[in-house]
Amino acid sequence: MKIQVLGKGCSKCELTEKLIQQTAHQLGVPVELEKVHDMQQIVAMGVMSTPAVAIDGKVVHSGRIPQQEQITAWLTGKEK
Amino acid sequence: MLRLNKLKAFSARFYSELFRMEPTLRDPNHCCATASSDIANPTGISPIYRTVSLALLLLTVWVLIYSSLVPLAESFFKLVPLERQTMAGEAVYFFLYEVPKVLLLLTLVVFVMGVVRTFFSPERTRSILARQGGVWSNIPAAMLGIVTPFCSCSAVPLFIGFLTAGVPLGVTLSFLISAPMVNEIALALLFGLFGWKIALLYLTLGLLVAIVSGIVIGRLQLEHLVEDWVLEMPRVAAEDNAVGLTWTERFAAGYEAVSDIVGKVWPYLLLGIGVGAGIHGYVPENFMASLMGKETWWSVPLAVIIGIPMYSNAAGIIPVVEALLGKGAALGTVLAFMMSVIALSLPEMIILRKVLKPKLIAIFVTVVGSGILLVGYVFNAVL
């Protein structure tokens, strides 16, 4: 599973990334985590407020730090 | 003050426990409000019931403290050998009364705005604005600037996101002018220190400056002054695929906004009110009349020019400005100063430089600055 965390400069973005990494580790789900810092790429993905999260290239979340349950749902593939 | 801080600390603990906020999520350095929930419900009480009763409880506590501020500040003078009628006494009273009052008002307003903002998102605002057209969309753009969650670190993606979805440049700028200028911190402080009339006036004039500046820039057809790479971005559809939140989540967002924003601005507030208290006690009456009074025609442009590069949030500047007003400064001059400090700043220009060519930044500052200047003059003339 490829997860991208979009956003630059915000400490929230780093926190988001850390949370996802932690959760993935706990659940034992192998993930490929990528940080997207490039503003042009972020905008090209249609994101307006960071931090945002994309899974396999699809933006699933933006504007705030994701909740723990959300992250778990993404990682286990039980998205609502 | 001490008591209030203790109370705040207590209530912070109280609700963070109720909503089980992760301590790691409450990073003091981040910039926007976060909705944190992860709500456990071990008691079996319906969450909405608990949310509402908690809010009511906090509101009651709020009302109780707010209504006992004057006696509290006065009782302080019974404890210490200090007369209220002296200069030091005036300064101390101002500080003791204003700090808790403004903090309380700020907390309430920030909470309400935090909840209101959960109904909006940049995506929703964009889809509303992209659907509209013509001059009239500057008005909703400026108004949506107040309620859309926004932080300066997202200004660039937001700007591009609006433009690529077909929102005109002028309309986008109306949004970007009003979002920082007409904010809940400024409104809460104006309400607390100047009363509701001035707060309403500031709201109206701030919107007006944002609307008119956006219309003017739109009419000037300056799209070519946006950086080329922005214009080359592929067009996007203005989608709004927001997920509905529960009321518990909305309230949690409100509490989070309080701990985030109030937690961040209180030092500025203390500093601003401290300086204001000093001015109240020690600066002679009518001292400011010659400098910032109605009669001095150059005071408004000077106030705006000094205010533009200055960067302070509303919490630091408004108490100082209130004190100056008491010493004979004219309201229009003071409003113009305040608006230029809050609305235009050097850090903001540096952020916008990524997407705007220098000429457009210059035009932007000139147009908004002139609008503020006009507000100042009109006020001095009318009042």
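Quick note: the coordinates plus some simple rules give every number you see, no bench work behind them. Every value quoted in this text rests on a predicted model; they were computed, and no experiment measured them. Positions of Cβ are generated from backbone atoms using ideal geometry, with glycine treated the same way; all protein chains shown enter the neighbour counts.
Things worth noting here:
- Model label zone, A:Lys2; criterion: amide N under 15 Å from point 7 Å along Cα-to-beta-carbon; scope the stretch A:44-80: A:45, A:54-60
- Simple label model, 7 Å out from Cα along Cβ direction - B:Lys357 to B:Gln221, nm: 1.5 nm
- Counted over the protein assembly as shown, the DSSP beta bridges are approximately 65% antiparallel.
- Residue range of chain B that is longest and free of GluC sites (Glu not before Pro) which are both DSSP loop and sparsely packed (at most 13 other C-beta within 10 Å): B:84-231
- Electrostatic dipole magnitude of the protein assembly as shown [Cβ: Lys, Arg +1; Asp, Glu -1; Cα centre; debye, to 20]: 360 debye
- Note on the stretch A:2-76: Lys pairs 8 or more places apart or on different chains, Cα atoms under 15 Å apart, count 7.
- Per-residue [θ]222 nm for chain B (sum of -39500 (n - 2.57) over DSSP H runs n ≥ 4, rounded to 500): -22000 deg cm²/dmol
- Size estimate for the stretch B:41-156 follows the Kirkwood approach: the inverse of mean 1/r over distinct Cα pairs works out to 18.6 Å.
- Relative contact order for chain B, counting Cα pairs under 8 Å that sit 6 or more residues apart, in percent: 21 percent
- As a proxy for reagent exposure, A:Cys13, B:Cys151 were ordered by neighbouring Cβ count within 10 angstrom, fewest first; the result is B:Cys151, A:Cys13.
- Sequence-separation-based contact order of the stretch A:2-76, relative, with Cα cut under 8 Å and 6+ spacing, percent: 41 percent
- Computed over the stretch B:140-223, the Cα gyration tensor eigenvalues convert (square root of 5λ each) into semi-axes of 25, 15, 8 Å, ordered from largest to smallest.
- Rounded to whole numbers, the Karplus 3J(HN,Hα) couplings from phi for the stretch B:171-176 are 5, 4, 5, 3, 4, 6 Hz, using 6.51 cos²θ - 1.76 cosθ + 1.60 with θ = phi - 60°, and x at Gly and Pro.
- Number of partner chain Cβ atoms within 10 Å, mean per residue of B:119-131: 1
- Using the Cβ-Cβ distance between A:Val60 and B:Tyr311 with R0 set to 45 Å, the FRET efficiency from 1/(1 + (r/R0)^6) comes to roughly 0.80.
- This model, with +1 at the C-beta of Lys and Arg and -1 at the C-beta of Asp and Glu, gives chain B a dipole about its Cα centre of some 240 debye.
- Added length on full extension, which subtracts the Cα-Cα distance from 0.36 nm per residue, B:Trp62 to B:Lys264: 70.7 nm
- Fraction of C-alpha pairs exceeding 27 angstrom in the protein assembly as shown: 58 percent, rounded to a whole number.
- Dipole of the protein assembly as shown computed with +1 at Lys/Arg Cβ and -1 at Asp/Glu Cβ about the Cα centre; of B:Ile146, B:Leu173, B:Leu352, farthest Cα towards the positive end is B:Ile146.
- Compactness of the stretch A:2-76 as Cα Rg over 2.2 N^0.38 Å, two decimals: 0.99
- Here the 3J(HN,Hα) profile of the stretch A:62-75, calculated from phi with Karplus coefficients 6.51, -1.76 and 1.60 at θ = phi - 60°, is 7, x, 8, 5, x, 7, 3, 5, 4, 4, 4, 4, 4, 5 Hz, Gly and Pro shown as x.
- Farthest positive-ward along the stretch A:2-76 dipole, Cα basis, beta-carbon charges - from A:Val59, A:Ala73, A:Val47: A:Val47
- Reduced Cα scattering model of chain B, Debye log10 I(q)/I(0), q = 0.11, 0.13, 0.15 Å⁻¹: -0.85, -1.12, -1.35
- Residue-wise HN-Hα couplings along the stretch B:254-263, as the Karplus relation 6.51 cos²θ - 1.76 cosθ + 1.60 with θ = phi - 60° gives them from phi, are x, 5, 4, 4, 4, 5, 6, 6, 4, x Hz; Gly and Pro carry x.
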